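One structure below.
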Amino acid sequence: MSAFLSPCEHVTWVRHREGNLEDTGRLTRLVREMTHPAQQYPRLVQFIGASCKASALRALFPHNRRRRKPGAIDLHLETTSINSASPLLFGDSNPFFQESWDNAQYRCHESSSYNTSWPSGLVQSPFDLVHARLLFLFSNVICVFADDFLSLYAVATCIQSWIRAGNASSLPSTVRPALLVVTSGRGPVHDLCAEDFRSKLLATGEDVLSHTFRSINLFCLAGDYLSPSARYLRLKEEILLRAQEVQDTRQQDGFCFSAIHLEAFFQHAVRHTALTIVERFDFIAASRLENHLHDDFKEILKAFFELCARHHPPYDAIASFAASSILMDAYPPRTHCFPSQSVFRALYHGICMEALEASYRKNLALDLCHRIEIYLEEFLLEMKLKGVSSATCHLKNIRSQYPLWSLVKTNVVCLLCLRHPPERVQSCGHSICDICVRRFGCVAPHTESEYHVSECVFCLAQESLIVDLKPKTAGLRVLTIDGGGVRGVIPLEYLICLENYIVGCPLHKMIDFAAGSSSGGLIIASLFLLNQSATECSRTFMALAKQSFGDTSGHIWDRLKAVTRYIITDAMYNEGGLEKSLQTEFTMTKRLFDHVKLSGTRIALTAISGAGSPVIMANYNGCVPLKPVAGYALVRPSDINKEPLLWEAGRATSAAPIFFREAELAAGSFADGGLGFPNPLEVAEWEWSRIWPDIKEADIVLPLGTGVVPTEISQSGRRSVKHLWQSFMSFLDGEFGWRRRGNTLTEAERDDYFRFNPVLPRASRLDSVKDITSLQQCVHLQLGDQQRLKTAAFYLLVSSFYFALDTMPQYINGVYRCQGSIRCRMDCRLVICALTKLEMTPAEYVTPSSVITCGNFYNDICQTCYRYQKTIRFDVPSQNEAVVLSLRAQNGTTRKISGFPQTMAWFTRVQGLNSPFGTPDHDEPGALQCRACTAGLVSKRKPEFSTFNPPKRRCI
């Protein structure tokens with residue numbers, strides 16, 4: 001790895017000046033020089049002094065005698081130990097060195113600076129604070145050369161300053177560093193000074209000393225008449241002995257860190273030290289910064305224990321099940337194996353107790369919590385001895401309890417991890433979250449993220465669940481459809497036209513999130529839960545409209561009958577016809593949150609509860625809980641038998657007042673969603689941020705309307721019934737909501753939103769079946785809509801391509817070199833074929849300032865796995881600077897690919913490339929690993945390279 005780095009002569013480790021603490025990246029560079037940093041466990045010796053210390057270092061480490069650019073705090077790697085299991089790092093600190101700050105930005109190495117939040121008027125010097133609160137956290141031995149100080153008494157004063165600063169480590173005091181004070185003095189005078197030294201330290205208190213240092217010893221050097229190597233031989237042996245003792249203790253106690261983890265902890269500790277010099281640095285919490293235990297974890301555990309209280313499994317089984325779930329969460333691959341007791345008490349004990357006490361008596365809750373802790377220790381020991389993953393241990397434990405959990409089913413807790421709400425339902429009725437899909441599913445051939453789940457671990461049923469997950473770095477494609485009764489044929493007509501442009505690419509594969517109100521909700525359910533084409537859905541919708549409203553002619557007699565029926569039954573139409581049609585279409589047993597063979601698009605149907613509050617019914621839960629102050633709620637009963645049936649959800653979202661009575665469901669009574677969300681775009685934007693919190697903006701949004709009714713000036717005044725009726729109809733129209741949202745869009749965002757909503761030639765009632773044909777024709781008469789539809793189709797197809805980093809960006813000579821690949825989230829051959837029919841090929845990938853690569857799409861399809869992968873390289877000046885990668889068609893039309901604009905830091909975080917302690921999905925063990933793609937065996941896939949031009953300061 002070091003071959004990719006620019007040579008650097010700087011050895012400074014940490015620098016401090018007023019208001020700023022800088023990590024120069026020296027430790028990172030040394031770790032990268034190690035051969036197997038994930039399996040190597042470094043020792044760190046911190047040398048503190050001046051000229052005597054420098055003489056000692058030359059004798060102790062003769063192979064490290066190279067001319068470098070020193071600072072006040074330097075770091076070196078003992079060259080002869082670089083390949084050993086425990087390489088030796090040694091710090092070189094000079095408390096008397098006056099470091100100059102030239103504010104120069106060195107191009108040879110990457111550094112990170114943090115503003116300090118330290119209180120003013122501190123007794124300790126910044127040098128002492130940095131050592132006591134930061135460097136000593138990672139040291140095995142601290143070696144102070146007394147001859148470089150005024151006296152041993154001055155050394156004792158320095159040590160007391162470190163003690164007053166306090167050790168910031170959250171680890172046990174048994175793993176503190178050993179302190180060695182080296183002196184060359186001998187004789188009575190020295191002995192008297194040594195006694196004063198000990199007395200001064202003992203006055204501090206033995207408990208305080210032991211909390212800061214493992215031991216404090218004086219070491220007398222041999223006479224200076226010996227050669228340097230002979231004089232310092234005993235000192236080297238003593239240092240290595242002390243360092244190994246500390247290392248052995250840390251290994252035994254479970255706190256010996258690999259080089260990779262040491263580097264990560266140090267980076268977190270620098271940020272922590274800059275922020276506070278009072279609070280301790282929590283190693284366990286730092287290892288979970290990329291995998292927080294969010295507030296909803298307690299609620300999920302509460303729901304699980306409530307489920308257990310209802311089903312009455314044995315208490316031992318409950319404890320064992322919870323413990324192996326915690327094991328899987330706490331110990332993903334690549335993490336550090338902290339002692340289970342430390343992890344449980346730091347992260348899980350308090351949450352478990354609160355959750356248990358909600359369902360059990362306190363004494364029983366205490367007993368169960370204690371059993372969970374014991375089982376966790378047993379499972380961790382088994383995991384280490386057998387060399388298996390925590391997920392494997394968890395699955396083994398669940399299978400050992402079969403069939404205990406086979407009848408326990410819930411839609412609010414993923415029983416497979418007890419960490420997240422479920423998102424997908426298996427054919428047996430057990431539901432799982434998307435994280436578990438990535439953990440336990442296997443990616444299907446020819447796809448990037450279509451996972452197959454072949455077995456239910458709870459009931460051992462053979463599964464046929466296929467989950468089409470959004471790739472982590474891909475953006476969102478969103479479709480919303482307004483309500484509008486029979487005018488729902490208008491958005492369907494637009495979708496039929498869109499399908500003709502993206503021929504071969506089904507809509508349910510091209511949309512990630514869809515929301516609908518009223519008739520729009522019915523269309524959304526048919527498109528994405530039944531996977532119908534727009535043409536099929538249009539036929540179904542027209543039949544449903546005729547059966548619901550009848551073949552009305554619009555004569556006065558028909559209206560009088562409807563009004564009479566409304567007076568008698570509180571509805572103009574009998575809901576029996578609507579319900580019968582919905583039951584035929586969606587079946588009488590299928591639920592909205594239920595098993596589907598291909599689970600992909602997330603959908604939300606809007607409604608109004610009996611209390612008048614807006615709600616949504618959805619086939620997902622979302623990884624971020626809906627806040628109580630959100631203004632709407634998700635209908636998700638804790639009793640799985642009260643989960644809305646699909647036809648019931650359709651009935652609820654389309655229960656328009658006056659036309660139909662409220663829908664009575666087991667979860668409550670509901671009315672038309674258009675009353676709360678005439679335009680579901682607003683709720684769609686709120687919801688996608690709950691499902692994918694990393695996504696701030698969508699790639700493309702298609703908010704489809706059901707026609708704009710021409711405004712008529714009433715001649716009968718404000719009191720006329722006609723005016724009231726028109727006002728009611730306007731209230732149900734989503735165009736006003738769109739215009740309000742459109743006013744807040746930036747110019748860049750406007751390019752991502754395609755609103756299609758034609759102006760109707762005349763007013764059309766929501767129940768006027770006779771107007772269906774004219775409404776369909778209205779779509780084709782809109783000037784400009786066909787060209788916009790073609791553009792939308794192009795944008796939609798381009799959003800199938802997304803970018804992923806192959807490795808961490810490398811800092812080289814002032815820029816970050818990024819290597820990644822452009823991939824296709826579905827069958828690339830279908831997308832390429834559709835682009836060709838749009839006359840958009842050949843095409844090239846470009847940035848705002850340069851062409852990255854061009855060529856034939858088919859040349860970048862792997863002949864082994866048949867996935868599309870175009871490998872590219874480019875430089876960026878900063879990982880936090882947004883870049884834009886676009887596809888430019890042969891006619892000059894340019895469109896950004898999915899997920900852009902975005903920073904490389906975002907890609908690094910989302911992909912988990914900088915997560916040394918593992919990822920929640922355990923690094924996706926089921927991901928398809930194609931040797932041809934990974935090893936670059938396909939000769940057609942040579943990386944293209946684009947050089948960033950710094951003076952222009954452009955993206956990429």
Within the stretch 619-663, residues being surrounded by fewer than 22 Cβ atoms within 10 Å (Cβ to Cβ) and assigned to a strand (DSSP E or B) number 3
Assigned by TED's automatic domain parsing to the domain that holds Leu89 and out of contact with any strand residue (DSSP E or B) (no Cβ under 9 Å at 6 or more places or on another chain): is that true of Ile318 in this structure? no
Test: residue in the stretch 484-496 that is part of a loop (DSSP other than H, G, I, E, B) and assigned by TED's automatic domain parsing to the domain that holds Ala607: yes
I'm told Leu221 meets every condition in (1) within 48 Å of the chain's Cα centre (by Cα); (2) on the phi < 0 side of the Ramachandran plot except one. Can you identify the failing condition by its number? (1)
Report, by residue number, each residue of the stretch 339-358 that is hydroxyl-bearing (Ser, Thr, Tyr) and either outside the structural domain of Phe305 (by TED's automatic domain parsing) or surrounded by 20 or more Cβ atoms within 10 Å (Cβ to Cβ) (or both). Ser340, Tyr348
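Looking at the stretch 388-438, which of the residues that are among the charged types (D, E, K, R) and outside any helix (DSSP H, G or I) is surrounded by the most Cβ atoms within 10 Å (Cβ to Cβ)?
Looking at residues that are among the charged types (D, E, K, R) and outside any helix (DSSP H, G or I), I get Arg424.
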Within the stretch 778-792, the count of residues that are in contact (Cβ under 8 Å) with a residue 24 or more places away in the chain, small (Gly, Ala, Ser) and surrounded by fewer than 17 Cβ atoms within 10 Å (Cβ to Cβ) comes to 0
Filter result for Gly554 (surrounded by fewer than 16 Cβ atoms within 10 Å (Cβ to Cβ), at pLDDT below 90 and outside any loop (DSSP other than H, G, I, E, B)): no
Flag for Pro126 being more than 36 Å from the chain's Cα centre (by Cα) and outside the structural domain of Pro877 (by TED's automatic domain parsing): yes
Per the filter on the stretch 191-213, residues buried (at least 16 other Cβ atoms within 10 Å of the Cβ) and not in a helix (DSSP H, G or I) are Phe213
For Thr908, state whether it is surrounded by fewer than 20 Cβ atoms within 10 Å (Cβ to Cβ) and more than 29 Å from Ala444 (Cβ to Cβ). no
Sole miss for Ser800 among (1) crowded, with 19+ Cβ neighbours inside 10 Å; (2) modelled with pLDDT under 95 is condition (2)
Candidate set: the stretch 214-236, residues that are farther than 20 Å from Cys193 by Cα, modelled with pLDDT under 90 and in contact with a Lys or Arg (Cβ under 8 Å, 6 or more places away or on another chain); chosen: the one surrounded by the most Cβ atoms within 10 Å (Cβ to Cβ): Pro228
Inside the stretch 20-126, counting only strands (runs of 3 or more DSSP E) that do not spill past its ends, which hold 1 or more residues that are without any contact (Cβ under 8 Å) to a residue 60 or more places away in the chain? 73-77, 88-93
Residue check, Tyr573 in a loop (DSSP other than H, G, I, E, B), modelled with pLDDT of 95 or more and closer than 21 Å to Leu522 by Cβ: no
Can you tell me which residue is surrounded by the fewest Cβ atoms within 10 Å (Cβ to Cβ) among those in the stretch 247-278 that are farther than 22 Å from His36 by Cα and in contact with a strand residue (DSSP E or B) (Cβ under 7 Å, 6 or more places away or on another chain)? Arg271
Check the stretch 793-804 and report whether any residue there is in contact (Cβ under 8 Å) with a residue 60 or more places away in the chain and under 30 Å from Arg26 (Cα atoms). yes
Answer residue from the stretch 858-880, given it is closer than 24 Å to His446 by Cα, under 25 Å from the mean Cα position of the chain (by Cα) and β-branched (Val, Ile, Thr) and is surrounded by the most Cβ atoms within 10 Å (Cβ to Cβ) among those: Ile872
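Look at Arg361 and say whether it is modelled with pLDDT under 95, closer than 25 Å to Val412 by Cα and of a type outside the set (A, V, I, L, M, F, W, C).
Against the criterion (modelled with pLDDT under 95, closer than 25 Å to Val412 by Cα and of a type outside the set (A, V, I, L, M, F, W, C)), Arg361 does not qualify.
Out of Arg32, Arg67, report the one residue that is modelled with pLDDT under 95, over 28 Å from Phe149 (Cβ atoms) and either of a type outside the set (S, T, N, Q) or surrounded by fewer than 21 Cβ atoms within 10 Å (Cβ to Cβ) (or both).
None of the others qualify; the one that does is Arg32.
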Under 6 Å by Cβ, and 6 or more places apart or on different chains, what pairs join a residue from the stretch 879-907 that is without any contact (Cβ under 8 Å) to a residue 40 or more places away in the chain and of a type in the set (A, V, I, L, M) with one that is surrounded by fewer than 21 Cβ atoms within 10 Å (Cβ to Cβ) and part of a loop (DSSP other than H, G, I, E, B)? Ala905/Gln879; Ala905/Asn880
Give the residues of the stretch 840-857 that are exposed (fewer than 14 other Cβ atoms within 10 Å of the Cβ) and aliphatic (A, V, I, L, M), sorted by residue number. Val851
Taking helices (runs of 4 or more DSSP H) that do not extend beyond the stretch 214-294, which have at least 2 residues that are β-branched (Val, Ile, Thr) and out of contact with any helix residue (DSSP H, G or I) (no Cβ under 6 Å at 6 or more places or on another chain)? 233-253, 259-275
Could you tell me how many of the residues in the stretch 881-905 are surrounded by fewer than 17 Cβ atoms within 10 Å (Cβ to Cβ) and of a type in the set (Phe, Trp, Tyr)? 0
Residue that is nearest to Cys930 (Cα to Cα), among those in the stretch 439-470 that are assigned to a strand (DSSP E or B) and among the small types (Gly, Ala, Ser): Ser454
Check on His336, without any contact (Cβ under 8 Å) to a residue 12 or more places away in the chain and in the same structural domain as Phe458 (by TED's automatic domain parsing): no
How many residues, within the stretch 741-777, are hydroxyl-bearing (Ser, Thr, Tyr) and in contact (Cβ under 8 Å) with a residue 12 or more places away in the chain? 4
Which numbered condition Thr934 fails, given (1) at pLDDT 55 or above; (2) crowded, with 18+ Cβ neighbours inside 10 Å; (3) under 17 Å from Asp860 (Cβ atoms): (2)
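Residues checked against (1) of a type in the set (Asp, Glu); (2) outside the structural domain of Pro491 (by TED's automatic domain parsing); (3) out of contact with any Cys (no Cβ under 7 Å at 6 or more places or on another chain); (4) in a helix (DSSP H, G or I):
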site	(1), (2), (3), (4)
Ser764	no, no, yes, no
Asp767	yes, no, yes, no
Ile772	no, no, yes, yes
Gln776	no, no, yes, yes
Val779	no, no, yes, yes
Leu789	no, no, no, yes
Phe803	no, yes, yes, no
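The values are calculated or read from the model by the stated rules, or taken from the named source; none is laboratory data. Bear in mind the structure is a predicted one, so any value in this text is a computation, not a measurement. Note that we place each Cβ from the backbone using ideal geometry, even for glycine, and neighbour counts take in every protein chain shown.
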